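K.L.:
The structure under discussion is supplied below as structure tokens; questions concerning it will follow.
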């Protein structure tokens, strides 16, 4: 499956890039995200509890980052394991460009799903992934454009003093939401099919 | 004993209802999943989610702790405790790269569905629970999926110990030396250069197969004194027995394999020796308890039954008068991992290439085949063994030639049919006997082609598109040792033990293992006819290596040719003995031919007052063996073996009528008519049924079914929602007719039938579709042919 | 395969009891079982692992078809009953068209309209048909409160509906306006398979026999059941002629996103929308005119 | 675990089973009636497990055993009364309506209800009625012949 889109975010590029590197914000933007942990400066794991209709699943994902060039671009590859359900693999490239006071975020994702996940996934994979990506950006946009000092911002600040995600944030990396969102989208798509 | 009201001959050729049916329609059949042994454990396989990956670790600790779990077996254990499946008894005598592999994957997984571990539990639900707890750490490797790309020097290798992915290659024409073959190729090229008409197309046939309704099942039982007993859904129990012995290192006399009497279809899928059987048998020996594995449909569709899968780039040269001159083919088969005992995935395309010339008198041919490893499940034999794709190519190409020169395709076929048999094809296949023209003319006599052409024209004028398509097929009637030994390293002869008990009942034991073909009935008809008794007085046992003579299995249409002939031979040996003793008792000098076996009696034909009941003479020889003719001893049992000097064939021709809806490309097969040479028919009802089933399998393969791998090697069609079989509502009525020539090489004039039968179907179907759409000049060179595909072609041709 | 462990099975005798049981569980841990023809697939493949199965079979008030002001169909009414229901008039005849070709006889003997709608599988027929007919979905919660959700608001996306975890769908109500006809048809690779595409149409005719109101929906597309208002608008004023229907179906094709999968590519799906649309329109108009 | 009471082929069974047990496993393994078969994984498409629940054909792999509590099930073993086959069974034998026989019990259970509802079916109706039963051997031709012949026999009062 391939997804490609451009999203306009109401914040300057530097802030967008930082936010993309702020696990606390990302954690809030990813629907159902339960935890984010850094296992090395460029490797992360996350647990996402996904639910669609009557179906629910917990999904463990890992993400590695490369080609980081703040505040312009990075690439990411991730893999999510849904246990006996199978797996999802994601490769994504993100590029930011200025658009006045706002930022244009260009992304392209190639995701592959395997095991029963993929076999039963059928044709609604793309759609569900798109839908979830859309939800993510809506939430992300809302969080990033909150005035400073608001709750989310405070939460993000608090978390920078804690462990895992904080290290990630300080290292200037962290858009692991990509792998997770896409992998989770795929899982949900699979779940959505009988 | 019930008497036969008619004369003995009536049992042959009779539409006798089957002996098998009573138990099957009342729910008393006993399939492998119905067999339960005390203390039996249930096995479930953990299979790879990846098409190609290194096995970093297989952690079974959580699974071992799960409720009900008795053991978990991994590849490492299989490798150290058993031999590989690369054993001589499972290896053909053909030069190929034979991968070494074990019951479970070792070091790496090579296709999506590769077995990685086996969990054994007391309850099958718990076994599935525990299998979810086996944690496998995979390190993904690049996948090899496209057979042509797999030949590139820098392609990743499916089997790293091999130099490349080319498993097998062979040229089938031109002789044994490179020089001869080069000469032949040049001669063929010369014909092509000067031919009036040349057709060249790349014919692609997808992966599909025959998918019996019963999946595989293995129930293994171990006893320290008797050794291993395996109830196995297999078409060849005697080969399995040797394989179990060799791989598990058990003396062969301590292995007994029983193919359950009731098997839910085989169609070739149950002919190979499978790795899962080894693991189940190993676990049973290790645990000293019965272990049963019943394959899920998911596993079945992931692992076996995938056949066809060939690309044939075929060129045909012809004269403008419609004489087929030469064929040149470059075949490619996408074999998958090549890991299936006996066949190794390439024996089918090998035979498919041999059978490519079909029933036509080509003057020359230049054909070769390359079989290439990929990260897919290994090709498994399926009815129409290897030649579904090659026949599709030839039958389509013949039609394309006919259309190019403005000839009726049926006329062109008739003109090029081998006029007299025996005949040896350009690929060296021997056609022993029959009358192709008689079969063809019988077909055409029922078609009324001019009438159809008028109907077609009228319909077309009203916007209704009808088409007629033809096809034909030379099929093997059993496979002789001459071909079986090189091809599968196994004999081809038929074997049967016939025993007459003191009550005059006849027991027949055969080493083959049927799966619905009606062996019990047809054999009972042969025996009843031979002895003049009722079919009810016969008891047929098959498939148990403990009680039956060695047989190569129920494969390649061996029933009507080899097994039936061996039974007849054995019966004749016993008739000889019975009449010898009877003549002695009657105090006359007479040969067997002077006696008639009829109505439960043996009658001296020159003096019908001299007669004795079949049961009485049986009892006399078995129970009271005194005062026998000199040199005779008591007992009535013999084992006979049958082998014809040369391979034998059967032949069929098909015509079908289709209607295509232009707006959607949706089509319906309106009529299907066949003409068959099956030799002398034992039970026409059963033969009809074989033909119906084969034709519908062919149609379902050609239209609906397709095993699909995505670009990651993920198999995307592992259930019946995604792998679509034809339903009753999708299929036409079928009319089967006969134009038989008795086979001169079998004692009853019978031929083996039904195995290759689906192969003529896709060509005939697509020829009809193309015929219906002649105004738009579309061609079909790929399968499956679906409405959406046809509509795209119509759209491209400007028809819609 | 076999379902994962189930801790409890309940067969409530009343609606109140049914919703009360669900209240005792976390969302998703208890699941309603209607006919079970989708839920069992999900449980056997272990995509759904409920702790508790609440079987609705014993609740009589969930079953049956009655005609009063409109057509009322209980959520647990099975396809086989809908397929043979003479009391369903022309306006809602699409229900019969669909029910006759869902799955197979065995599925139709178990599967229910409510179960199918609540599961809202992406390629099933009943969501599209109830959407096309503009059904009203009646829900009951644990407090005994009822609410009515229109079809357009009921189906949210694949597997998602407006029904909350603690609500039960009791019945659907369809209006049966005069001079109104509906029809549904689908195409799948094999007979009665899940639709590659299905089209549902409902038309009301004025005195002159022209379409005065229309509803149209599709099944088989990745969005799941989908209403196509562009097509409805284009159908207004139509007398059911091939040309006018063709124009409407072209509007549908332009408005929806078709996808490519192993059964058909996007172009082919568009073509099916056109051809099925013609067939469905012919039947729906005839029914509205009282001719069929 | 739940204790359930199910009448199968007029015989009452009272067994304690796990909630997740499929009805088909209850029939085959708890009650030992192995004429009902399984040929698909989770999809419920093949129809080999078809039995009648209160007289209606259903797929016993698509139901939990606990759901059948209080109901009457008929399996292929319950079709014939004693040694007397039903006209449908007789017709399957007379017309070679089966080969391997694996799908046959499901077809018999579906078609016997079908013929009660539709005693004089066309071939098209028979074929449509068979959509929920996959058969791989026969090509369906003889199955249709058998059902048609059984219908005629039953109409004659056989």
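The values are calculated or read from the model by the stated rules, or taken from the named source; none is laboratory data. None of these values were measured; they are calculated from a predicted model. Because the Cβ atoms are built from the backbone with ideal geometry, glycine has one as well, and the counts that use them run over all protein chains shown.
Residue-wise test of (1) under 30 Å from residue D:19 (Cα atoms); (2) in the same structural domain as residue D:31 (by TED's automatic domain parsing).
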residue: D:51; (1), (2): yes, yes
residue: D:61; (1), (2): yes, yes
residue: D:96; (1), (2): no, no
residue: D:102; (1), (2): yes, no
residue: D:106; (1), (2): yes, no
residue: D:121; (1), (2): no, no
residue: D:146; (1), (2): no, no
residue: D:149; (1), (2): no, no
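K.L.:
What number of residues within the range B:599-633 satisfy the criterion of being in contact with a strand residue (DSSP E or B) (Cβ under 9 Å, 6 or more places away or on another chain), under 16 Å from residue B:534 (Cα atoms) and part of a loop (DSSP other than H, G, I, E, B)?
P.N.:
Result for the range B:599-633: 1.
K.L.:
Please tell me if residue B:653 is closer than 28 Å to residue B:422 by Cβ, touching a helix residue (DSSP H, G or I) at 6+ places or on another chain (Cβ under 6 Å) and in a strand (DSSP E or B).
P.N.:
Working: closer than 28 Å to residue B:422 by Cβ: yes; touching a helix residue (DSSP H, G or I) at 6+ places or on another chain (Cβ under 6 Å): yes; in a strand (DSSP E or B): yes.
Spelling it out, residue B:653 is indeed closer than 28 Å to residue B:422 by Cβ, touching a helix residue (DSSP H, G or I) at 6+ places or on another chain (Cβ under 6 Å) and in a strand (DSSP E or B).
K.L.:
Only residues that are in contact with a strand residue (DSSP E or B) (Cβ under 7 Å, 6 or more places away or on another chain) and in a loop (DSSP other than H, G, I, E, B): list them for the range B:662-675, please.
P.N.:
We begin by selecting, within the range B:662-675, every residue in contact with a strand residue (DSSP E or B) (Cβ under 7 Å, 6 or more places away or on another chain); these are B:662, B:667-675.
The answer is B:662, and nothing else.
K.L.:
Something else: Give the residue that is farthest from the other protein chains (Cβ to nearest Cβ), with candidates limited to residues of the range B:676-723 that are outside any helix (DSSP H, G or I) and closer than 22 Å to residue B:659 by Cα. Spell out how you get there, then give the answer.
P.N.:
To start, the set of residues in the range B:676-723 that are outside any helix (DSSP H, G or I) comprises B:676-683, B:704-723.
Now restrict to residues that are closer than 22 Å to residue B:659 by Cα: B:704-705.
On the way: B:704: 6, B:705: 10 Å.
Among residues in the range B:676-723 that are outside any helix (DSSP H, G or I) and closer than 22 Å to residue B:659 by Cα, the one farthest from the other protein chains (Cβ to nearest Cβ) is B:705.
K.L.:
Can you name the strands (runs of 3 or more DSSP E) wholly within the range B:65-174 that have at least 2 residues being within 14 Å of chain A (Cβ to nearest Cβ) and surrounded by fewer than 16 Cβ atoms within 10 Å (Cβ to Cβ)?
P.N.:
Numbers: elements: B:69-74, B:115-121, B:135-140, B:166-171.
By residue number, B:135-140.
K.L.:
Just one of B:420, B:413 is buried (at least 21 other Cβ atoms within 10 Å of the Cβ) and either assigned to a helix (DSSP H, G or I) or assigned by TED's automatic domain parsing to the domain that holds residue B:445 (or both); which is it?
P.N.:
Details: B:420 fails: buried (at least 21 other Cβ atoms within 10 Å of the Cβ).
That would be B:413, the only listed residue that is buried (at least 21 other Cβ atoms within 10 Å of the Cβ) and either assigned to a helix (DSSP H, G or I) or assigned by TED's automatic domain parsing to the domain that holds residue B:445 (or both).
K.L.:
Let me ask you something else. Can you name the condition, by its number, that residue C:277 falls short on among (1) under 20 Å from the mean Cα position of the chain (by Cα); (2) farther than 30 Å from residue B:730 by Cα; (3) in a helix (DSSP H, G or I)?
P.N.:
Only one criterion is unmet by residue C:277, namely (2).
K.L.:
Among the residues of the range D:106-118, how many are at the interface with chain B (Cβ under 9 Å from one of its Cβ atoms) and surrounded by fewer than 24 Cβ atoms within 10 Å (Cβ to Cβ)?
P.N.:
Quick first cut of the range D:106-118, residues at the interface with chain B (Cβ under 9 Å from one of its Cβ atoms) only: D:108.
Those left that are additionally surrounded by fewer than 24 Cβ atoms within 10 Å (Cβ to Cβ): none.
Final tally of qualifying residues: 0.
K.L.:
Among the residues of the range D:52-67, is there at least one that is closer than 26 Å to residue B:517 by Cα and buried (at least 24 other Cβ atoms within 10 Å of the Cβ)? So that I can check it myself, show each step before the final result.
P.N.:
Let us first name the residues in the range D:52-67 that are closer than 26 Å to residue B:517 by Cα, namely none.
Checking the range D:52-67: not a single residue is closer than 26 Å to residue B:517 by Cα and buried (at least 24 other Cβ atoms within 10 Å of the Cβ).
K.L.:
Tell me whether the range A:106-122 contains one or more residues that are at pLDDT below 65 and surrounded by fewer than 22 Cβ atoms within 10 Å (Cβ to Cβ).
P.N.:
Checking the range A:106-122: not a single residue is at pLDDT below 65 and surrounded by fewer than 22 Cβ atoms within 10 Å (Cβ to Cβ).
K.L.:
Evaluate the range B:21-39: report whether one residue or more is touching a helix residue (DSSP H, G or I) at 6+ places or on another chain (Cβ under 6 Å) and away from chain D (no Cβ under 14 Å). Reasoning before the result, please.
P.N.:
First pass over the range B:21-39, keeping only residues touching a helix residue (DSSP H, G or I) at 6+ places or on another chain (Cβ under 6 Å): B:21, B:24-25, B:27, B:29.
From what's left, away from chain D (no Cβ under 14 Å): none.
No, the conditions are met nowhere in the range B:21-39.
K.L.:
Please count how many residues of the range B:460-481 are in contact (Cβ under 8 Å) with a residue 40 or more places away in the chain and either part of a strand (DSSP E or B) or more than 18 Å from the chain's Cα centre (by Cα) (or both).
P.N.:
Filtering the range B:460-481 down to residues in contact (Cβ under 8 Å) with a residue 40 or more places away in the chain leaves B:460, B:463-481.
Now drop any that are not either part of a strand (DSSP E or B) or more than 18 Å from the chain's Cα centre (by Cα) (or both), which leaves B:460, B:463-476.
Residues flagged as in contact (Cβ under 8 Å) with a residue 40 or more places away in the chain and either part of a strand (DSSP E or B) or more than 18 Å from the chain's Cα centre (by Cα) (or both) within the range B:460-481 amount to 15.
K.L.:
Where in the range D:3-105 are the strands (runs of 3 or more DSSP E), entirely inside, with at least 2 residues that are under 17 Å from the mean Cα position of the chain (by Cα) and within 14 Å of chain B (Cβ to nearest Cβ)? First the steps, then the outcome.
P.N.:
Values: elements: D:11-17, D:50-53, D:56-59, D:72-74.
Correct list: D:50-53, D:72-74.
K.L.:
Same structure, new question: Tell me yes or no: at least one residue of the range D:119-133 is within 20 Å of residue C:106 (Cβ to Cβ) and away from chain C (no Cβ under 14 Å). Break it down stepwise before answering.
P.N.:
To start, the set of residues in the range D:119-133 that are within 20 Å of residue C:106 (Cβ to Cβ) comprises D:119, D:121, D:124-133.
Subsequent filtering for residues that are away from chain C (no Cβ under 14 Å) retains D:119.
Taking every residue of the range D:119-133 in turn, at least one turns out to be within 20 Å of residue C:106 (Cβ to Cβ) and away from chain C (no Cβ under 14 Å).
K.L.:
Right, here's the next one. Spot the failing condition for residue B:619; the list is (1) under 28 Å from residue B:755 (Cβ atoms); (2) surrounded by fewer than 19 Cβ atoms within 10 Å (Cβ to Cβ), and only one is missed.
P.N.:
(1)
K.L.:
Still on this structure, please answer the following. Looking at the range C:236-245, is at least one residue in a loop (DSSP other than H, G, I, E, B) and either touching a residue at least 60 places away in the same chain (Cβ under 8 Å) or within 14 Å of chain B (Cβ to nearest Cβ) (or both)? Can you show your working first?
P.N.:
As a first pass, look at the range C:236-245 and keep what is in a loop (DSSP other than H, G, I, E, B): C:236-241.
Right, trim to either touching a residue at least 60 places away in the same chain (Cβ under 8 Å) or within 14 Å of chain B (Cβ to nearest Cβ) (or both) and you get none.
Scanning the range C:236-245, I find no residue that is in a loop (DSSP other than H, G, I, E, B) and either touching a residue at least 60 places away in the same chain (Cβ under 8 Å) or within 14 Å of chain B (Cβ to nearest Cβ) (or both), so the answer is no.
K.L.:
A further question on this structure: Name the residues in the range B:218-237 that are surrounded by fewer than 24 Cβ atoms within 10 Å (Cβ to Cβ) and either within 14 Å of chain D (Cβ to nearest Cβ) or not in a strand (DSSP E or B) (or both), would you?
P.N.:
Residues of the range B:218-237 surrounded by fewer than 24 Cβ atoms within 10 Å (Cβ to Cβ): B:222-229.
Selection gives B:224, B:225, B:226.
Residues are listed down the side, and each one gets a yes or a no for (1) over 18 Å from the mean Cα position of the chain (by Cα); (2) assigned by TED's automatic domain parsing to the domain that holds residue B:427; (3) under 30 Å from residue B:246 (Cα atoms):
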position: B:339; (1), (2), (3): yes, yes, yes
position: B:342; (1), (2), (3): no, yes, yes
position: B:349; (1), (2), (3): no, yes, yes
position: B:355; (1), (2), (3): no, yes, no
position: B:365; (1), (2), (3): yes, yes, no
position: B:374; (1), (2), (3): yes, yes, yes
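K.L.:
Looking only at residues that are within 14 Å of chain B (Cβ to nearest Cβ) and touching a residue at least 60 places away in the same chain (Cβ under 8 Å) in the range C:162-190, which one is surrounded by the most Cβ atoms within 10 Å (Cβ to Cβ)? Walk me through it before giving the result.
P.N.:
Our first condition is that a residue be within 14 Å of chain B (Cβ to nearest Cβ); within the range C:162-190, this holds for C:185-190.
Next cut, touching a residue at least 60 places away in the same chain (Cβ under 8 Å) only: C:185-189.
On the way: C:185: 23, C:186: 28, C:187: 23, C:188: 18, C:189: 19.
By that ranking, first place goes to C:186.
K.L.:
Would you point out the residue of the range C:66-81, among those that are in a helix (DSSP H, G or I) and touching a helix residue (DSSP H, G or I) at 6+ places or on another chain (Cβ under 6 Å), that is farthest from the other protein chains (Cβ to nearest Cβ)? Give the steps one after another, and end with the answer.
P.N.:
Filtering the range C:66-81 down to residues in a helix (DSSP H, G or I) leaves C:79-81.
Applying the additional criterion that residues be touching a helix residue (DSSP H, G or I) at 6+ places or on another chain (Cβ under 6 Å) yields C:79-80.
Working: C:79: 12, C:80: 8 Å.
Among them, the one singled out is C:79.
K.L.:
Which of the residues spanning the range A:27-42 are within 19 Å of residue A:73 (Cβ to Cβ) and in contact with a strand residue (DSSP E or B) (Cβ under 7 Å, 6 or more places away or on another chain)? First the steps, then the outcome.
P.N.:
Step one: list which residues in the range A:27-42 are within 19 Å of residue A:73 (Cβ to Cβ), which gives A:41-42.
Within the range A:27-42, A:42 is the sole residue that qualifies.
K.L.:
Given the criterion under 30 Å from residue B:449 (Cα atoms), assigned to a helix (DSSP H, G or I), in contact (Cβ under 8 Å) with a residue 12 or more places away in the chain and within 23 Å of the chain's Cα centre (by Cα), identify the matching residue among B:740, B:759.
P.N.:
Details: B:740 fails: assigned to a helix (DSSP H, G or I).
Every option except B:759 fails the conditions.
K.L.:
Given the options B:566, B:557, B:583, name the one that is in a helix (DSSP H, G or I) and crowded, with 24+ Cβ neighbours inside 10 Å. Write out each step before concluding.
P.N.:
Numbers: B:557 fails: in a helix (DSSP H, G or I); B:583 fails: crowded, with 24+ Cβ neighbours inside 10 Å.
Sole residue among the options that is in a helix (DSSP H, G or I) and crowded, with 24+ Cβ neighbours inside 10 Å: B:566.
K.L.:
Kindly indicate whether any position in the range C:254-271 is crowded, with 22+ Cβ neighbours inside 10 Å, in contact with a helix residue (DSSP H, G or I) (Cβ under 8 Å, 6 or more places away or on another chain), within 12 Å of another protein chain (Cβ to nearest Cβ) and in a strand (DSSP E or B).
P.N.:
Taking every residue of the range C:254-271 in turn, none turns out to be crowded, with 22+ Cβ neighbours inside 10 Å, in contact with a helix residue (DSSP H, G or I) (Cβ under 8 Å, 6 or more places away or on another chain), within 12 Å of another protein chain (Cβ to nearest Cβ) and in a strand (DSSP E or B).
K.L.:
Residue B:521 - would you say it is within 14 Å of chain D (Cβ to nearest Cβ) and part of a helix (DSSP H, G or I)? Spell out the reasoning first.
P.N.:
On the way: within 14 Å of chain D (Cβ to nearest Cβ): yes; part of a helix (DSSP H, G or I): yes.
Taking the combined requirement at face value, the residue satisfies it.
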